Structure formats: structure tokens, C-alpha cells
């Protein structure tokens, strides 16, 4: 699991949903969430059939917060222009974490997974060892530092 580095310096576990199925499923069927869920790419969310209210932070390409909203169950959020990612957490959590408009958050590979470089950008979740072995060095692509998954939207962010 990846780690979310907050502006306060606190770190939290973050689950990354980058496949269409994982983004569609999101937090549906859960009674709560530990840490946060990052949907990428995404620019809008809904809470139809959800069991609890959530905080939603819309992030740009550089993971800068564009806006934060609290959504009750059975609501449909409007798409946000310039949003490339959406961070979801239980209602009230983002205010406690210091996540507000203009703040930049970071997502890092989880140290618990035995990452060789704990400060490196997160390798996409849901990956088996086979998927991780397809990582390519940064010299093979533009705008990438370190290692990133070849088909990951995170390659733009690092």
C-alpha cells in the first residue's frame, strides 16, 4: 500500500485505484475507510449506494488541492475542470489532516512492501510482481524521475 504525505508532515495509508474497475468500485460496499482512497485519473465522483458520507479532494496534475467537498450518500458530484485525481476519505478527516485548497500532497511507495526507494513515487496498486517488473528507468521517458510503471498516470506526476 502506498503512503499519503500530508502538509502537516503526517503520513497515512492510501489505496490507489487506477483501473476502471477499481475506480468504479471505489468505496462502495464498505462501512468506512482507513486512510484514504486515490482515484486516478478522475475528475468527479458520486456517492450513490454508499453507506457513509465522505470528504472529496479534487487534485490537479501536481497533486495540488483544487477544492474539498463533503458529500453525503446518494449525491452526484459535478466534474471539476483541471482535476486529474480525486482523494476520498471519511467525512471530516480532511479538515483534521490540513487538506484544503492550494495545499500540495504527496503519494509515496509504501515502505511496508519492502520498497528499495521509500521516497520514490508510488507504483500503482493492484500490481503483482509481474506488473512491477515492467517498471522502466526514467531515462526511457520524459518528465519522470526514479522508477515508475510504464503505463501509469503517475509517470506524469513524478
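Which of the three applies to the range 2-97, rounded, prolate or oblate, going by the alpha-carbon gyration tensor with a ≥ b ≥ c and a/c under 1.5 meaning rounded?
Rounded shape, in that the Cα axes give a/c under 1.5.
Tell me, in nm to one decimal, what length is gained between residue 82 and residue 1 on full extension, where the rule is 0.36 nm per residue of separation less the Cα-Cα distance?
Net length gain for the segment: 26.5 nm.
What ranking of 27, 12 emerges when the number of other C-beta atoms within 10 Å of each C-beta is taken as an exposure proxy, fewest first?
Ordered from fewest to most neighbouring Cβ atoms within 10 Å, 27, 12 come out as 12, 27.
Using the beta-carbon distance between residue 8 and residue 101 and R0 = 25 Å, what value does 1/(1 + (r/R0)^6) give for FRET efficiency, to the nearest 0.05?
Efficiency, from the Cβ-Cβ distance: 0.95.
To check you understand DSSP bridge types, tell me what percent of the beta bridges within the range 2-97 (both residues inside) are antiparallel, rounded to 5.
Bridges in the range 2-97 are about 85 percent antiparallel.
Compute the distance in nm between two label points, each set 7 Å from the Cα along the Cα-to-Cβ direction, one at residue 74 and one at residue 49.
It is 1.5 nm.
Every number here is computed from the coordinates shown, using simple stated rules; none is lab data. Since this is a predicted model, take the numbers as computed values, not measurements. Every residue, glycine as well, gets a Cβ built from its backbone with ideal geometry; the counts of neighbours run over all protein chains shown.
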